[in-house]
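Trainee: Could you have a look at this structure, given as structure tokens, before my questions?
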Amino acid sequence: MRGMSLRPNPWDERPRVAESAYVDPAAEVIGKVLIGEEVFVAPGAVIRADEPGSSIVIGERSNVQDGVVIHALGGSAVTIGRETSLAHGCVVHGPCTIGDGCFVGFGSVVFNAVLGDGVVVEHLAVVEGTGIEPGKVVSSGSRLCGGRKGHELEAVDGERAQFAGRVVAANLQLSKGYRDKNRRGSQRGRIGGGGSAASKRR
């Protein structure tokens, strides 16, 4: 947990972060938040479960990129599945469920919605008060509100699926790389501290 900005909410509910996850020190994680294994949380992300009865769960190997906001209304939850990417500057507001293997693009807003597994929301789209069937695409700039959407939406093609997979892989590398870097820094600090003590004894 070294260097992470993890804070309790007013009811003293605290974030829980898996040992193999990485949360950048410039991110803010507040309240009843559970961050799974190998998750990457980038600088400037805000993950906030501080209204009464709210909670946020981020599944393993997912990533929350720069400037993303995740927040839940009182009495609601946000659940993010496994290997899902929340790209730069998007907003995910509870109540909300996003399935496994999804991608939410730059600046998009997802509120009071359910996204099935493998959904790709492209950039600057709005998804509100609706459900998106698995494996569908919400095109850039679209606004989808109300009812369940499926047959009228394009299916995710191979190119989009491969892109989403590459984003997950890149962020897994970042998560591991920053953890390893911090570990090396801690070891150097311990070695340096020991040397100083030895010098003082001499």
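The values are calculated or read from the model by the stated rules, or taken from the named source; none is laboratory data. Note that the structure is a prediction, hence the values are computed from the model and not measured. Here the Cβ positions follow ideal geometry from the backbone for every residue, glycine too, while neighbour counts run over all protein chains shown.
Trainee: Taking the options Arg166, Arg160, name whichever one is surrounded by 12 or more Cβ atoms within 10 Å (Cβ to Cβ) and modelled with pLDDT of 90 or more. Give the derivation first.
Mentor: Details: Arg166 fails: surrounded by 12 or more Cβ atoms within 10 Å (Cβ to Cβ).
Step by step, each of Arg166, Arg160 is checked, and only Arg160 is surrounded by 12 or more Cβ atoms within 10 Å (Cβ to Cβ) and modelled with pLDDT of 90 or more.
Trainee: Moving on. Consider only pairs whose beta carbons are under 7 Å apart and that are at least six residues apart or on different chains; among these, list those whose first residue lies in region 72-95 and is hydroxyl-bearing (Ser, Thr, Tyr) and whose second residue is surrounded by fewer than 22 Cβ atoms within 10 Å (Cβ to Cβ) and part of a loop (DSSP other than H, G, I, E, B).
Mentor: Every condition considered, the pairs that remain are Thr84/Gly59; Thr84/Asp100.
Trainee: Sticking with this structure for a sec: Show the residue pairs that are 6+ apart or on different chains and have beta-carbon atoms under 7 Å apart, the first residue being within region 113-136 and within 20 Å of His88 (Cβ to Cβ), the second being among the acidic types (Asp, Glu).
Mentor: Taking only residues 6 or more apart or on different chains, the pairs are Ala113/Glu128.
Trainee: A further question on this structure: Which one of these is over 14 Å from the mean Cα position of the chain (by Cα), within 29 Å of Asp50 (Cα to Cα) and crowded, with 18+ Cβ neighbours inside 10 Å: Phe103, Phe111?
Mentor: Phe111
Trainee: Restricting the search to region 16-45, which residues are among the acidic types (Asp, Glu) and under 16 Å from Thr79 (Cα atoms)?
Mentor: Glu37
Trainee: Step by step: first the residues of region 142-171, then only those that are among the aliphatic types (A, V, I, L, M) and in a loop (DSSP other than H, G, I, E, B), then the one that is farthest from Val127 (Cα to Cα). Which residue is that?
Mentor: The first filter runs over region 142-171 and keeps only residues among the aliphatic types (A, V, I, L, M), leaving 144, 153, 155-156, 161, 164, 167-170.
This time we only want the ones that are in a loop (DSSP other than H, G, I, E, B), so: 153, 156.
Numbers: Leu153: 13, Val156: 17 Å.
My answer is Val156.
Residues are listed down the side, and each one gets a yes or a no for (1) assigned to a strand (DSSP E or B); (2) over 19 Å from Leu172 (Cα atoms):
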residue	(1), (2)
Ser20	no, no
Ala26	no, no
Gly44	no, no
Val57	yes, no
Asp66	no, no
Ile70	yes, yes
Val78	yes, yes
Val92	yes, yes
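Trainee: When region 111-141 is examined, which residues are found to be touching an Asp or Glu at 6+ places or on another chain (Cβ under 8 Å) and part of a strand (DSSP E or B)?
Mentor: Phe111, Asn112, Ala113, Lys136, Val137, Val138
Trainee: Going through region 137-189 one residue at a time, which ones are among the polar types (S, T, N, Q) and within 19 Å of Val110 (Cβ to Cβ)?
Mentor: Ser139, Ser140, Ser142, Asn171
Trainee: Is region 44-55 home to any residue that is under 22 Å from Gly101 (Cβ atoms), at pLDDT 95 or above and surrounded by 19 or more Cβ atoms within 10 Å (Cβ to Cβ)?
Mentor: Checking region 44-55: at least one residue is under 22 Å from Gly101 (Cβ atoms), at pLDDT 95 or above and surrounded by 19 or more Cβ atoms within 10 Å (Cβ to Cβ).
Trainee: What residue, of Ser62, Ser76, is within 21 Å of Phe111 (Cβ to Cβ), of a type in the set (Ser, Thr, Tyr), buried (at least 16 other Cβ atoms within 10 Å of the Cβ) and more than 10 Å from the chain's Cα centre (by Cα)?
Mentor: The conditions single out Ser76.
Trainee: In region 28-42, which residue that is more than 10 Å from the chain's Cα centre (by Cα) and in a strand (DSSP E or B) is surrounded by the most Cβ atoms within 10 Å (Cβ to Cβ)?
Mentor: Initial filter on region 28-42 (more than 10 Å from the chain's Cα centre (by Cα)): 28-34, 37-38.
Still in the list and also in a strand (DSSP E or B): 28-31, 33-34.
Values: Glu28: 19, Val29: 25, Ile30: 21, Gly31: 24, Val33: 28, Leu34: 16.
The extreme case among them is Val33.
Trainee: Just to be sure before I move on: is Arg61 touching a residue at least 60 places away in the same chain (Cβ under 8 Å), under 21 Å from Gly99 (Cα atoms) and either out of contact with any Lys or Arg (no Cβ under 9 Å at 6 or more places or on another chain) or of a type in the set (D, E, K, R) (or both) in the structure I sent?
Mentor: It is true that Arg61 is touching a residue at least 60 places away in the same chain (Cβ under 8 Å), under 21 Å from Gly99 (Cα atoms) and either out of contact with any Lys or Arg (no Cβ under 9 Å at 6 or more places or on another chain) or of a type in the set (D, E, K, R) (or both).
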